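To start, the structure under review is shown below, and the notes come after it.
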Amino acid sequence: MNIYYKCPNCNTENRLKTDATTRVEFAMKKGNVTDLECCQCHQTTSFKVNRLYAKESKLISILAGIIFIIGTAIGLYFLMKMISEMKFVMGIFLVATGLLAPIWIFNILNKEERTRVKTFNQTYVKE
């Protein structure tokens, strides 16, 4: 998960990669106050864990979109192929139902990412 913080000196938004899913877990690994260096001005500043925040990853959205587009195109190809060859009706129904799979994957990936970000941003460490 990517965690962000703003440098108080140059107001640049910096990114920090971690496997912690909540602020509490991050504080247990790194401490309640952590020193972070700005990528723009290279000044090290101490940050309290509660000042860090998470954002939805653009990579997950792009990946979900690619899966949606490719899965839909493949499903439509097989659907058109079966309709043109007039195969059995159950086959057409199965392929048409299979068109829902990319939609489900897209929704699941986006929902999980929103849940991760919301969980991180809503949990705070007592000071």
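The values are calculated or read from the model by the stated rules, or taken from the named source; none is laboratory data. The structure presented is a predicted model; accordingly, all values stated were derived computationally and were not measured. Glycine also receives a Cβ, built like all others from the backbone with ideal geometry; neighbour counts cover every protein chain displayed.
Of Ile70, Ile62, Ile74, all but one fail to be over 30 Å from Asn14 (Cα atoms), modelled with pLDDT of 85 or more and of a type in the set (A, V, I, L, M, F, W, C); the exception is Ile70. Just one of (1) outside any helix (DSSP H, G or I); (2) of a type in the set (Ser, Thr, Tyr); (3) closer than 30 Å to Trp104 by Cβ fails for Tyr5. It is (3).
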